Amino acid sequence: MRSYRLKSLLLAVATAGAMASGLASANDKPIKLGGLYILSGSAASYGEFASQGLQMAIDEINEQGGVLGRPLNLLMEDDQGRAATGIQAARKLVYQDGVSALIGLDSSGVALGLVPVLPELETPLIITHAATPHATGKLCNEYSFRVSVNESQNMRAAAEIASKLDAKRWTTIGPDYAFGHESWEIFSENMKELAPDAEMMKETAFPRFGAEDFTPFINNIMEQKPDGILISVWGGDLVNFIRQAHNLNFFNQGYELMFTVGAATEALAALGDQMPEGVWLGTRYWYESHDSERNTKFVNDYRERYKTPPSYNAEGAYSAVYAVKAAIEKAGSAEPKDVAKALVGLTIDSPAASERTFRVGDNQALVGPTWGRAGPMSADGIRSLTEIHNFKGADITPPVEKTGCTL
């Protein structure tokens, strides 16, 4: 009998030990984050900067003990700027890799495809670049969040500047998909309110994304003799557009030019002094325009690590990781559903804003863009910004009832 009891006791101790060991192992298991960006093709530099921002944040957090005592682990996928590829990659990250959250998206087209699928995935997505307002508007759901500036915010800011300029006849050149068309539509709506006497021309140009020859589009716009032009081409398209525009004497016509994301350091670095001085450049974040300890440390650490100043995509990705960290700590759980619930209404301290809040009602961060004129070349080998306007998110974000979101 004593032998039986001893064996039972030893079995119980062994079982408890194994359970404790398994629990400790589970508690030490990395928390996986999935990154979805364009990592190939003409816009690959945007994905590269985002990857750097993600990894820097993860390394900082892991050096401080991780989240809930668990390290963060980054898994990256190339969505190639295609909705179908992005959806497939997101499913892999969720179902095969078991990520707690998704971070990413460069293309509004990918966002429009992936956001409606998120309820099926039951995993939060924090958008850091794609700017279509519909991702936190009419397509919104409990798993869709955005930490960066959207088109509604950026185009309101652009219109506030444009309405004070002498230009009265406005047209646009932008990519022939959601980002280009929505930028023009929202800019036009705001101009009608802020400058009722401005003419929003019907003659516009929408070359396909990835077009190699912008010459016919530039010539067509020049023939229409506008006063001001909103230009929303980006990435490698922006670089090609500016180089070809120089050859056509486009920048000597006296136009007021507003590049919606022209102050992306990825494009500025590629262009150098080919970016014309004096044009208006927009960006979701400008590394020199935020006077805070948080931003100073971020910029210095990024420069030291990557030998270049951070882009807005790097800052957005970096801030998204810290948002996930805060959400996991708030929830006390890394389960995707718990993380999604904890992100609602969450406020974080970030390089771009000391109080960056995911607004209750549409999960859009209240964060503002930066606009400025392209100035002299800086020590970083890119155009500096002058006449800088840092817009406050609360001032240029449409109210929830106007977004189409019905969370």
Determine, yes or no, whether residue 154 is among the polar types (S, T, N, Q), in a helix (DSSP H, G or I) and in contact with a strand residue (DSSP E or B) (Cβ under 7 Å, 6 or more places away or on another chain).
-> yes
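So that you can scan it fast, the table gives a plain yes or no per residue for (1) of a type in the set (A, V, I, L, M, F, W, C); (2) touching a residue at least 40 places away in the same chain (Cβ under 8 Å):
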{"site": "44", "(1), (2)": "yes, no"}
{"site": "50", "(1), (2)": "yes, yes"}
{"site": "54", "(1), (2)": "yes, yes"}
{"site": "57", "(1), (2)": "yes, yes"}
{"site": "61", "(1), (2)": "yes, yes"}
{"site": "67", "(1), (2)": "yes, yes"}
{"site": "70", "(1), (2)": "no, yes"}
{"site": "74", "(1), (2)": "yes, yes"}
Output the number of residues of the range 94-114 satisfying the condition of being β-branched (Val, Ile, Thr), more than 18 Å from residue 49 (Cβ to Cβ) and buried (at least 24 other Cβ atoms within 10 Å of the Cβ).
-> 1
Conditions (1) of a type in the set (Asp, Glu); (2) closer than 19 Å to residue 58 by Cβ; (3) in the same structural domain as residue 229 (by TED's automatic domain parsing); number of the one not met by residue 266 = (2)
Every pair of residues 6+ apart whose Cβ atoms lie under 9 Å, when the first sits in the range 262-282 and is under 10 Å from residue 383 (Cα atoms) while the second is part of a loop (DSSP other than H, G, I, E, B) and among the acidic types (Asp, Glu) | 265/380; 268/380; 269/380
Only one of 314, 353 is of a type outside the set (S, T, N, Q), at pLDDT below 95 and crowded, with 17+ Cβ neighbours inside 10 Å; which?
-> 353
Can you find a residue in the range 319-342 that is assigned by TED's automatic domain parsing to the domain that holds residue 48, free of Cβ contacts under 8 Å to residues at least 12 places away in the same chain and touching a strand residue (DSSP E or B) at 6+ places or on another chain (Cβ under 7 Å)?
-> no
(1) of a type in the set (A, V, I, L, M, F, W, C); (2) under 16 Å from the mean Cα position of the chain (by Cα); (3) surrounded by 24 or more Cβ atoms within 10 Å (Cβ to Cβ) all hold for residue 90 apart from (2)
Options 139, 165; residue that is part of a loop (DSSP other than H, G, I, E, B) and within 22 Å of residue 255 (Cα to Cα) = 165
Qualifying positions in the range 158-192 - farther than 22 Å from residue 135 by Cβ, touching a residue at least 12 places away in the same chain (Cβ under 8 Å) and either out of contact with any Phe, Trp or Tyr (no Cβ under 9 Å at 6 or more places or on another chain) or of a type outside the set (D, E, K, R) (or both) | 161, 162, 163, 165, 166, 167, 168, 169, 170, 171, 173, 191
Taking the range 57-84 and keeping only residues that are within 16 Å of residue 125 (Cα to Cα) and in a helix (DSSP H, G or I), one is left with 83
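I'd like the full set of residues that are small (Gly, Ala, Ser) and farther than 14 Å from residue 85 by Cβ, limited to the range 108-127.
From the range 108-127, those small (Gly, Ala, Ser) are 108-109, 111, 113; that's our starting set.
Of everything in the range 108-127, just one residue is small (Gly, Ala, Ser) and farther than 14 Å from residue 85 by Cβ, namely 108.
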Determine whether the range 187-206 contains at least one residue that is in a loop (DSSP other than H, G, I, E, B) and either closer than 27 Å to residue 43 by Cβ or touching a Cys at 6+ places or on another chain (Cβ under 7 Å) (or both).
-> yes
Among (1) modelled with pLDDT of 95 or more; (2) out of contact with any strand residue (DSSP E or B) (no Cβ under 6 Å at 6 or more places or on another chain); (3) surrounded by 14 or more Cβ atoms within 10 Å (Cβ to Cβ); (4) not assigned by TED's automatic domain parsing to the domain that holds residue 47, the one test that residue 228 misses | (2)
Could you pull out the residue among 279, 299 that is in contact with a Phe, Trp or Tyr (Cβ under 7 Å, 6 or more places away or on another chain) and not assigned by TED's automatic domain parsing to the domain that holds residue 235?
-> 299
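Matching residues to (1) surrounded by fewer than 24 Cβ atoms within 10 Å (Cβ to Cβ); (2) among the aliphatic types (A, V, I, L, M); (3) touching a strand residue (DSSP E or B) at 6+ places or on another chain (Cβ under 8 Å); (4) more than 23 Å from residue 165 (Cβ to Cβ):
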| site | (1), (2), (3), (4) |
| --- | --- |
| 233 | no, yes, yes, no |
| 239 | yes, yes, no, yes |
| 249 | yes, no, no, no |
| 253 | yes, no, no, no |
| 273 | yes, no, yes, yes |
| 295 | yes, no, no, yes |
| 305 | yes, no, no, yes |
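The values are calculated or read from the model by the stated rules, or taken from the named source; none is laboratory data. All values derive from a computational prediction rather than experimental measurement. Positions of Cβ are generated from backbone atoms using ideal geometry, with glycine treated the same way; all protein chains shown enter the neighbour counts.
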